[in-house]
Every structure is written in C-alpha cells, then in structure tokens.
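The values are calculated or read from the model by the stated rules, or taken from the named source; none is laboratory data. Note that the coordinates shown come from a computational prediction; the quantities given were computed from them, not determined experimentally. In this analysis, Cβ positions are derived from the backbone assuming ideal geometry, glycine residues included, and neighbour counts consider all displayed protein chains.
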Amino acid sequence: MKRALPIEKTNIILDQHAAAPLYRQLYERLRAQILAGQLEMGVRLPSTRVLASELGVSRNTTALAYELLLLEGYIESRVGDGTRVARLQSSLLRQAGKSVKKPSRQPGVKSPLAQRGQALLDAERTGDIYSEQATSGTNPFRVGQPDVTHFPYELWARLVAKQARQALPDVASYQHAQGYLPLRAAIATHIGITRGVQCTPEQLILTSGSQGALDLVARTLLDPGQSAWVEDPGYMGARGALLAAEARLIPVPVDEQGLNVEAGRQLSSSARLVIVTPSHQFPSAVTMSLGRRLELLEWSRAAQSWIIEDDYDSEYRFSGRPLQALQGLDNSERVIYIGTFSKVLFPSLRLGYLVVPPALLPGLNAVRRLIDVHPPLLEQLALTDFIVEGHFARYLRKMRAMYLERRNTLITALTQELGGLLEITTPEAGMHLVAWLPQDMSGEYIIKQTTQQGLPILSLSTYSLRPLQRDALVLGFATSTPKELQTGVQKLARALRGRS
C-alpha cells in the first residue's frame, strides 16, 4: 500500500498577497501536478488537516481545494482509504494537460506580454467569478450593477438627437483633455451641494467611468515598485489599476469604522497613495467614521501621500446625514476625488470624473492626452442637458426610493428565513448589503454549494487578499424586484440548510 505523499514533494508555495484566493491557488497547483504526472495516479494525498498544517493555512482552504478536485474527478476519496489521485485514462490526462500547460518558451523567443500585461491577465482570470456573477441574469443578488430598466431612454434619445443636430457640428474638432466645460460646471455644482466637494470646474477631468479615473491616477502618480494601500477586502478594479502601474499592493484591513489607518502605518508608513471608498466601503458596506477620516488625512499630510477617494455610489443614501466627502475636509490638497455616472445611470455610459488638486492638473492632462485625448463628446453634451434641466435629480429621487424598498425587502426576507444563521447588516447607502456567516462556516464552501444550485452569489473573501477571520455573503439588491429578492432568499435558505 502506498503511503501518503509527503507535502515537501509537491513544492507548493501559496501567495497570501495574490489576487486569487488561497484555496484556488492550491487547487490549481495540485491539478497542474496531477495533469503533469508529478502526482502519480493512485498516490495517497495528505489529509486536509495535515496539509493545512504544512502549508500554514486554514483547514477550510485545503478542504475547498480538495472539494473542487473531487468534483472534477482529479482525486478520489473513500472511507478508510483517505484521498488519492484518481486513476485517469492516459489519453484524457494528456488531453487535459494541454489546457493547463503554459506556453513553451523556445530559446530566443520572447514572451508576447510584458510583465505588467501578464499580471493583469492573471488578475482578470482570478476575477472571472466576479464578472460572471455580476452580469448573470439568473442571479437575483448581482453586485455592482444598477437597475437599468427604469432609465428614461426616450428622453435620453431626444437629448442625444438634439445635441447631434444642433451642437455637435460646432464641437466636432478635438476638445480639451479635461472634457466638456459646461458638463464639468454642472458636476461641480452638484457635488458641491450634495457631497461638500470644494472645487471649480477647472479642477475636473472627465474620464471613462471610475475605472478610467483610477487608471489615469495610477499611471501618473506611481513609479514601478512603489507601495500603495488598498482596502482589504476591497474593489478588484482598484487593484487592477495599481497592478497596471506595477505598484506594490499593501492590503490594509477594514473594520467597522472603515480602513484601519494605524494598521496601514505599520505595514507601510510611507506608501505613495491609498485608494479608499469611505462613504460606502466596497464590499463591506461600512461608512468610514469621522475619526478615521481625520486620521487618514493627517497621515497623508505627514507622509506627503495621496488619497484617492472613490465615491462610487454615494448618491444612494437612505438614512442619516452623509458625512462630508474626504475631499471637502482636506486642507492640504492631498485628496483626489472620483465620481461616476455608470453606477447611477447605466453602466455602458462610460463617464466618470476626477476632482484633482491644481498642482496635479498639468501632469494628469499630459497623460490623458496620450491615452485617448478626451472622452467621446456626444454623451457629454446630452448629460449636460440631463443634469441642467433637472432630469438627473428627479431620476435619483425615483431610484433612491426604489432601492430603499428593495433593501428593506431583502433584509426582511433574510431575517425571516435565515435570521438564526446570518447576521445581517443594514447599509445606510449603496446597492448591496453584507450578511455575516457563523464564525466556523466557510464562505467559499457556501458559495460553491449555492452555485451548484444555480444561485451564483459572492462572499466577502472573494474580494480579500488576506484570510478573513469571519466570512460573509455580499448580496446586491438593486437589479431585482421585491418578489425576485424574496424568491432568491428562499432559494438561498434551501441551499444553506441543505449543506452537508
């Protein structure tokens, strides 16, 4: 009888700072070794407990990796016989191995991608689960998407057509890199009133959504290898922009008050910049306390570092008086404010904006001109009318009331169906909430169970670079009707109660 394989022979190294969760890294490494023949058919693998001890990870991590391998037929598990590499047919093994083999590097042939390009490709692969779940029409709890079914498309079409006939011929030549000035003026007025942002239209730069804003800032302010704080758990798009700039990511924990500034200081006191979502942290949904905001501002002033404030969905606040934007509290001109219309109106309207300190304008404009000169103009013209004529404010009021009803419906349904199992937080703003799992329950395992039953939801650990002491479900409520949310919760309850 073959003995269990000593873990040293697998040469497995897991990266706590990689974008991929640890269980996924372990699964991919074991799968690759099985397909390559490094782990021979029939060989007995260590138990999940032993493997976890050897790798220095939680047992949930090894159990999830084994579960995926078992489901796909790469390993077998029998009572009294442990876990062994499955006896795959050699032809199937060779065929499967082709799909996971890295392209061979012939002598003298360069890789087609730069290191940053490969890093972004790897990050995108680990984010596939997010993309599929976020866009899946079968998921009642889609995260990060607004309801686009109630947008006044006929009104928008009339505004676009009017501008195409009347104004576009006069502005058909190249425009200023910062974007259409009347739109910048309308935005400056709006965020000055609603968010306390202190700026002039000349400080605004229009971008291709918030992602374009993050990319522009990262390109302009970061040198390769410089440190940047990121919220952990946090927004994958922010990490992607930093990876594209070849920054060194410093995952800083988030607690009930938001980003833990003291923890950030201990990890990297002189980081070049930090990206935060203080109004409605993504994905934990907490609001950064005033004390933490002032602490973060003081750190940036002392360290001469930049704060990137991503205010992605602050328009949808349901209760309480919103805390003033960080930018409005900043007396040292260290905050760069980001807003977007993609989350508020509809995602394919790729329009966002930056509010930047005057000292940064020349550099950002220079980089902007080399990237894409300026955003398409026709949508800027139509959006200007949409705001100035009052349609924007009316639409916000309508959708805010609708999202509030859906949030309350989801909370009520979760409380009735799963109140004894999940700890549900009530977000004061935004389009999603967090439902905390019991301390000993694995989020990854629950996600796998629900996905198998046609309910592809997300866990908090999906967005985390470090292992979490406690996981949670991240549940969007903006895209589904109250009835769809109630049905989704019933399906979720069946999946959770049926777990083995």
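The residues of the stretch 271-291 that are within 28 Å of residue 225 (Cβ to Cβ) and not in a loop (DSSP other than H, G, I, E, B), listed by number, are 273, 274, 275, 276.
Please indicate, with yes or no, whether at least one residue in the stretch 285-302 is under 21 Å from residue 145 (Cα atoms), assigned by TED's automatic domain parsing to the domain that holds residue 255, among the hydrophobic types (A, V, I, L, M, F, W, C) and touching a Gly at 6+ places or on another chain (Cβ under 8 Å). Within the stretch 285-302, one or more residues are under 21 Å from residue 145 (Cα atoms), assigned by TED's automatic domain parsing to the domain that holds residue 255, among the hydrophobic types (A, V, I, L, M, F, W, C) and touching a Gly at 6+ places or on another chain (Cβ under 8 Å). Candidates 205, 193: the one that is surrounded by fewer than 23 Cβ atoms within 10 Å (Cβ to Cβ) and in the same structural domain as residue 245 (by TED's automatic domain parsing) is 193. Residue 431 passes every criterion in (1) in contact (Cβ under 8 Å) with a residue 24 or more places away in the chain; (2) over 17 Å from the mean Cα position of the chain (by Cα) apart from (2).
Are any of the residues in the stretch 222-230 polar (S, T, N, Q) and surrounded by fewer than 17 Cβ atoms within 10 Å (Cβ to Cβ)? Within the stretch 222-230, none of the residues are polar (S, T, N, Q) and surrounded by fewer than 17 Cβ atoms within 10 Å (Cβ to Cβ).
Among the residues making up the stretch 34-73, those that are farther than 23 Å from residue 441 by Cα, at pLDDT below 85 and not charged (D, E, K, R) are 34, 35, 36, 37, 38, 39, 41, 42, 73. The sole residue among 76, 124, 154 that is modelled with pLDDT under 85 and of a type outside the set (S, T, N, Q) is 124. Residue 274 meets the stated requirement of being in contact with a Phe, Trp or Tyr (Cβ under 6 Å, 6 or more places away or on another chain), over 30 Å from residue 393 (Cα atoms), surrounded by 23 or more Cβ atoms within 10 Å (Cβ to Cβ) and not small (Gly, Ala, Ser).
Between 350, 368, which is among the basic types (Lys, Arg), at pLDDT below 90, touching a helix residue (DSSP H, G or I) at 6+ places or on another chain (Cβ under 8 Å) and farther than 27 Å from residue 406 by Cα?
Sole residue among the options that is among the basic types (Lys, Arg), at pLDDT below 90, touching a helix residue (DSSP H, G or I) at 6+ places or on another chain (Cβ under 8 Å) and farther than 27 Å from residue 406 by Cα: 368.
Only one entry in 364, 345, 378 is farther than 12 Å from residue 206 by Cβ and under 27 Å from the mean Cα position of the chain (by Cα), namely 345. The residue of the stretch 237-254 that is farthest from residue 466 (Cα to Cα), among those that are in contact with a Lys or Arg (Cβ under 9 Å, 6 or more places away or on another chain) and assigned to a strand (DSSP E or B), is 249.
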